[in-house]
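Written below as C-alpha cells is the structure these notes are about.
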Amino acid sequence: MAQSNDLIIRIGGEGGEGVISSGDMIAQAAARSGLEVLTFKTFPAEIRGGYAMYQTRFSHEPILSEGTGFDVACCFNQEALDMNRKALRQGNVLIYDFPGGDIAGEQNIPGIHCYPVPMTKISKEELATPRSKNMVALGAIAELFSISMTSLKETVQEKFGKKGAEVVEVNYKALDAGAQHVRTNIKKADPYQMDPGTPKQDVIIISGNEAVGLGALLAGVRFFSAYPITPATEVAIFLARHLPKFGGNLVQAEDEIASLANVIGASYGGVKAMTSTSGPGLSLMQELIGMASMMEVPVVICDVQRGGPSTGLPTKHEQSDLFLAAHGCHGDASKVVVSPEGVEDCVYLTVEAFNIAERYQLPVLILSDGSLGFRTSSMRKPDPKKIRVENRATVSGNGEGFERYALTASGVSPMAIPGTPGCAYISTGLEHAPSSAPRYSAENHTAMLDKRFGKLKDLEDYFPATEVDHQEGAQLGVIAWGSTIGTLREAVKIARAEGAKVSALYPKLVWPLPVKALNAFGAKYKKVLVPEINKQGQLAKLIQGETEIRPISYTIYGGLPFSPRQIADKIKEVLK
Ligand code: COA
C-alpha cells in the first residue's frame, strides 16, 4: 500500500467522553515515533456534553496549518457522525462506534470506507469500564494507519499513571482490543498509511500556550501572575510547573486587574515579569496597560484571543482583539503588539516580546489565539545559547544627576532598581517631569508624550520580522497575521500550483505597524488582500489608516480558522 505524505485524522464525540485525551495521545505518540504533527481542537464551554472535536495532522514534512478538511473521521456518537458526515470526501475513512453505541445503524456511504468498531461494547463488555471506549478507538486507529502502539502505550502511562496502575492496565487492554478488532474484522481498503518515521532526539512536542511559557523562561522571566481564563490558562499551568525551578515566583491573582498590577510591581522592582489572559481579561487590564506605558515599566502580556465580545465564545477561535490591543487604553499610550504564527514562533516571539519590552520600557502584547494556544505541534528543541536576550538599561553608582524620565536622544531613560543609592524616584500613573515629580504643564506633557512614542522610532529596524514571499509577475499581494500566516503560506503554495501569481507578506509586528515594509510591499502589487478572522477586518483597517495600501478585506468569524483551500480560492477569485 502506498504511504501517505499527509494525513488528517479527526476524532469527534461528546465532551466528557475523552475525545481530547485521545487526540492528545495520538499526536504525542506519532510525534515520538518520528512524525511531524499539528493539532486542532474545539470543544464546548461546558464541562460535560456538547460536541468536542480533536484533529491531528501528520506528515513527514513541517506542517504549517490545520489543513483543509480531513481524511479520517472517528465518531464516538451520532452527533459527531451528523456533524462530520457532510464534510466526508470521496475516498475518506469513517470509523464509528457500532454496534453497541448510540449510532443508529450500520453506515454505508458511497465512496467512503466505513469501518464499524464497537467501542462502547468492547469497553463495557470486555473491559468492564465505559471510560475506555476512546482507547479502543485509538487502538483501532493505530492498527489501521500504523501509529506506533509502543509510543501510544507510553503516552497512556504518562497520561493516566497518576490515576493508578489499574487505570493504565485497563487502557492498555483497550488499545489492544481496538487493534485486535481491526485485525479480525476489518478489511482495510482505504489508501491511507503513514510510515511512522524515525524518532528524532532534538524534537519536542508542545502546545502554543506552553511554547509561550517556554519562551518566557528563555527570556529570563522571574515573575508571573495571572487569573485563569480559557484558552490562556495553560500558559500559567506551564509556568507554575517550571518557573520555580529557575528561582521565579508565580501568583494566581484574584482577577486580571490584580494580575497586571502584580506584574507591574515586580518589573518596577527589577525582574522580568509577565501575565497571560484572554479577551475579557485584556479588557479589564486596559487601565493598567496605560499605567505601565506612562510609568515606562517593561511588562509582557500574552492575550490568547477567543470569540468575543464579552464572555463570547470561550473555547472558539477568533482574531478579534487587535483593535483592543492597539488602541484599547484611554489617552495616548505607547505600546507594542506582536503576533506569532505557529508553536515554534510562540517560543521565539515571546523572547522578542521581552526584548522589546526591556529595550523600550513599555508594555508588549503577544496576540496568540485559541487555535494556536491549544495547538500541539512538534518543533526542534530551542538552543538557549542561540537566543539573544536583551535587558533594560539601568543606572548604578551614587545616583548623581539621576532623572528617571530624562529626555535622551533615544527616548529611553535608564531605570533605577529600587534600592539603588541616590536614585529614589516617584512612579505613578500621573504625568511627570524628567525628575519623576508630577507635572502637568503643556510643554512637559508634549515633551513626555513625544518621548514615549519617539522611543519606538527605530522599532521596525530593531525588529524586522516582516518576511516577504515575492513571486515575479504577481499582481496580488496577500497579508495575514497571527496563526492565519501558516494557513496563508499553504494557500499561496496551492494557488501557485494552480497557476495563480501571488506574493505574500507575513508581519509579526502588528502594532505599531511596520509601515516601511508595508508600503514597499503595497507599491509592488495592484491589489492587496488581507484575510483575517474577525468581523471588522481589523488589520485591514489599521493598514488602511496607517499606510498607502487600500486593502481588500476578507473576513470569516464562525469560531474556526481558515482552511488553506478557502484562502487559495479567494486569491483566485480576486485575481479573476
Ligand atoms: N480512562 C480514564 N480516564 C480518562 C480516559 C480513559 N480512557 N479518557 C479520558 N479520561 C479522563 C481524562 O483524563 C480527563 O480527566 P481529568 O479531568 O482528570 O484530566 C477526563 O476524563 C475528561 O477527558 P478529556 O479527554 O480531557 O476531555 P473530553 O474530550 O472528555 O472533553 C472537555 C471534556 C475538555 C470538553 C471539558 O471537560 C472542558 O474542559 N470544557 C471546557 C471548559 C471551559 O474551558 N469552559 C470555558 C470556561 S470560561
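Whole number in Å², please: accessible area per residue of the stretch 205-386, 1.4 Å probe, ligands, DNA and RNA not counted. Numbers along the way, then the final one.
Values: 5360 Å² over 182 residues.
Accessible area per residue: 29 Å².
For the chain, what relative contact order do you get, as a whole percent, if you take Cα pairs closer than 8 Å and at least 6 residues apart?
On the way: 1284 pairs, mean separation 69.2, N = 576.
Relative CO of the chain lands at 12 percent.
Can you work out the Karplus-derived ³J(HN,Hα) for every residue in the stretch 377-384? Use 6.51 cos²θ - 1.76 cosθ + 1.60 with θ = phi - 60°, whole Hz, and x for glycine or proline.
Result, rounded to whole Hz: 8, 7, 8, 5, 4, x, 9, x.
Note down the nm distance, to one decimal, between modelled labels 7 Å out along Cα→Cβ at F453 and at D82.
The answer from the label model is 5.5 nm.
Ranked highest first by average number of other Cβ atoms within 10 Å, how do 354-367, 379-392, 330-343 line up? The partial results should precede the final answer.
Working: 354-367: 25.7, 379-392: 12.9, 330-343: 22.1.
Peptide ranking by packing, descending: 354-367, 330-343, 379-392.
Angle, helix 19-32 long axis vs. longest principal axis of the chain, Cα atoms, 0 to 90°, nearest 10?
That works out to roughly 80 degrees.
Leaving out ligands and nucleic acids, and using a 1.4 Å probe, what accessible area per residue does the stretch 1-53 come to in Å²? Can you show the working numbers first?
Values: 1760 Å² over 53 residues.
Result: 33 Å² of accessible area for each residue.
Kindly state, to the nearest 0.05, the FRET efficiency for T446 paired with A393, given R0 = 22 Å and r defined as their beta-carbon distance. List each step's numbers first, then the result.
Working: r = 24 Å, r/R0 = 1.09.
Computed FRET efficiency for T446 and A393 comes out at 0.35.
Got a sec to turn the phi values of the stretch 427-437 into Karplus ³J(HN,Hα) couplings, 6.51 cos²θ - 1.76 cosθ + 1.60 with θ = phi - 60°, whole Hz, x for Gly and Pro?
Karplus-based 3J(HN,Hα) across the stretch 427-437 equals 9, 9, x, 7, 4, 9, 7, x, 5, 4, 5 Hz.
Among the aspartates and glutamates, which have Cα under 12 Å from the Cα of K516 when same-chain residues fewer than 8 positions away are ignored?
D458, E460, D461, E546, E548
Packing-wise, with mean Cβ within 10 Å as the measure, how do 400-410, 305-315 rank, highest first? Please report the intermediate quantities before stating the final value.
Working: 400-410: 14.8, 305-315: 18.6.
In descending order of packing, they fall as 305-315, 400-410.
Let me know the charge dipole size of the stretch 6-185 about its Cα centre in debye, to the nearest 20, where only the beta-carbon of Lys, Arg (+1) and Asp, Glu (-1) is charged.
Values: 18 positive and 22 negative charges, 21 e Å.
The dipole of the stretch 6-185 has a size of about 100 debye.
At a Cα cut-off below 17 Å, give the lysines reachable from K41, other chains included and same-chain residues fewer than 8 away excluded.
Qualifying lysines at Cα under 17 Å: K316.
Would you work out which of A520, V468, S553 lies farthest towards the positive end of the dipole of the stretch 466-575, given +1 charges on the beta-carbon of Lys and Arg and -1 on that of Asp and Glu, about the Cα centre?
It is S553.
Taking the Cα centre of the stretch 6-185 as the origin and placing charges on Cβ (Lys, Arg +1; Asp, Glu -1), which of V19, I8, T129 is farthest toward the positive end of the dipole?
Most positive-ward Cα: T129.
I need the calculated FRET efficiency for the pair T150 and R550, taking r as the beta carbon distance and R₀ as 51 Å, to the nearest 0.05.
Values: r = 56 Å, r/R0 = 1.11.
It comes out at approximately 0.35.
Which value, in debye to the nearest 20, describes the size of the charge dipole of the chain about its Cα centre when Lys and Arg Cβ atoms bear +1, Asp and Glu Cβ atoms bear -1, and nothing else is charged? It would help to have the intermediate numbers written out before the result.
Details: 58 positive and 62 negative charges, 136 e Å.
Computed about the Cα centre, the dipole is about 660 debye.
May I ask which residue of G279, Q107, Q157 lies farthest towards the positive end of the charge dipole of the chain, with charges of +1 (Lys, Arg) and -1 (Asp, Glu) on Cβ and the Cα centre as origin?
Final value for the positive-end residue is Q107.
Could you check the simple spin-label distance between A189 and K381, using points 7 Å along Cα→Cβ, in nm with one decimal?
Those two pseudo-labels are separated by 4.7 nm.
Between rounded, prolate and oblate, where does the chain land on the alpha carbon gyration tensor, with a ≥ b ≥ c its root eigenvalues, rounded for a/c under 1.5, else prolate if a/b exceeds b/c? Don't jump to the answer; show the numbers that get you there.
Numbers: a/c = 2.44, a/b = 1.67, b/c = 1.45.
Verdict is prolate for the chain.
Shape call for the stretch 6-185 from the C-alpha gyration tensor, a ≥ b ≥ c root eigenvalues: rounded (a/c under 1.5), prolate (a/b greater than b/c) or oblate? Spell out each step's value before the answer.
Numbers: a/c = 1.34, a/b = 1.07, b/c = 1.25.
Since a/c stays below 1.5, the shape of the stretch 6-185 is classed as rounded.
Mean residue ellipticity at 222 nm from the helices of the chain, using -39,500 (n - 2.57) per DSSP H segment of n ≥ 4 over the full residue count, to the nearest 500 deg cm²/dmol?
Details: 19 runs with 210 residues, N = 576.
Using -39500 (n - 2.57) per qualifying helix, the result is -11000 deg cm²/dmol.
Looking at the chain, send over the antiparallel percent of its DSSP beta bridges, to the nearest 5. Present the calculation step by step, with values, prior to reporting the outcome.
On the way: 30 of 75 bridges.
If I count the DSSP bridges inside the chain, around 40 percent turn out antiparallel.
Using a Förster radius of 41 Å, what is the FRET efficiency between E400 and V515 based on their Cβ-Cβ separation? Nearest 0.05, please. Spell out each step's value before the answer.
Numbers: r = 40 Å, r/R0 = 0.98.
For E400 and V515, the calculated efficiency is 0.55.
Rounded to the nearest 20 Debye, what is the dipole magnitude of the stretch 91-230 about its Cα centre when Lys and Arg each give +1 and Asp and Glu each give -1 at the C-beta?
Numbers: 14 positive and 15 negative charges, 44 e Å.
Roughly 220 debye for the stretch 91-230.
For the stretch 393-463, with every protein chain kept in place, what is the accessible area per residue (1.4 Å probe, Å²)? Spell out each step's value before the answer.
Details: 3610 Å² over 71 residues.
Heavy-atom SASA per residue in the stretch 393-463 reads 51 Å².
Which percent, nearest 5, of DSSP beta bridges in the stretch 6-185 are antiparallel? Intermediate results must be reported in sequence, preceding the final value.
Working: 16 of 29 bridges.
Of all bridge pairs located within the stretch 6-185, approximately 55 percent are antiparallel.
From the Cα gyration tensor of the stretch 466-575, with a ≥ b ≥ c the square roots of its eigenvalues, which class applies: rounded if a/c is under 1.5, or else prolate if a/b is larger than b/c, or else oblate?
On the way: a/c = 1.60, a/b = 1.09, b/c = 1.48.
Cα axes put the stretch 466-575 in the oblate bin.
Using a 7 Å offset from the Cα along the Cα-to-Cβ direction at both K535 and K200, what is the distance between the two label points in nm, to one decimal?
4.2
Determine the share of the stretch 393-463's accessible area contributed by carbon and sulfur atoms, expressed in whole percent, with a 1.4 angstrom probe.
Details: 2150 of 3610 Å².
Reported share for carbon and sulfur atoms: 59 percent.
Quick check: at a probe of 1.4 Å, how many percent of the accessible area of the stretch 466-575 sits on carbon and sulfur atoms? Could the numbers behind the result be given before it?
Details: 2140 of 4280 Å².
It is 50 percent, rounded to a whole number.
Sorted by mean Cβ packing within 10 Å, highest first, what order do the peptides 112-122, 537-547, 96-106 take? Intermediate values should be presented prior to the final figure.
Working: 112-122: 22.5, 537-547: 19.7, 96-106: 17.1.
Highest-to-lowest ranking by the protection proxy: 112-122, 537-547, 96-106.
Carbon and sulfur atoms: what percent of the 1.4 Å accessible area of the stretch 205-386 do they account for?
Carbon and sulfur: 56 percent of the exposed surface of the stretch 205-386.
Under 16 Å between alpha carbons, and skipping anything fewer than 8 positions from K121 in its own chain: which aspartates and glutamates qualify?
Answer for K121, where 16 Å is the Cα cut-off: E17, D97, D102, E106, D176, listed by chain and number.
The values are calculated or read from the model by the stated rules, or taken from the named source; none is laboratory data. The structure presented is a predicted model; accordingly, all values stated were derived computationally and were not measured. Glycine also receives a Cβ, built like all others from the backbone with ideal geometry; neighbour counts cover every protein chain displayed. Accessible surface areas use protein heavy atoms only, side chains included; no ligands, DNA or RNA. Shrake-Rupley method; radii C 1.70, N 1.55, O 1.52, S 1.80 Å.
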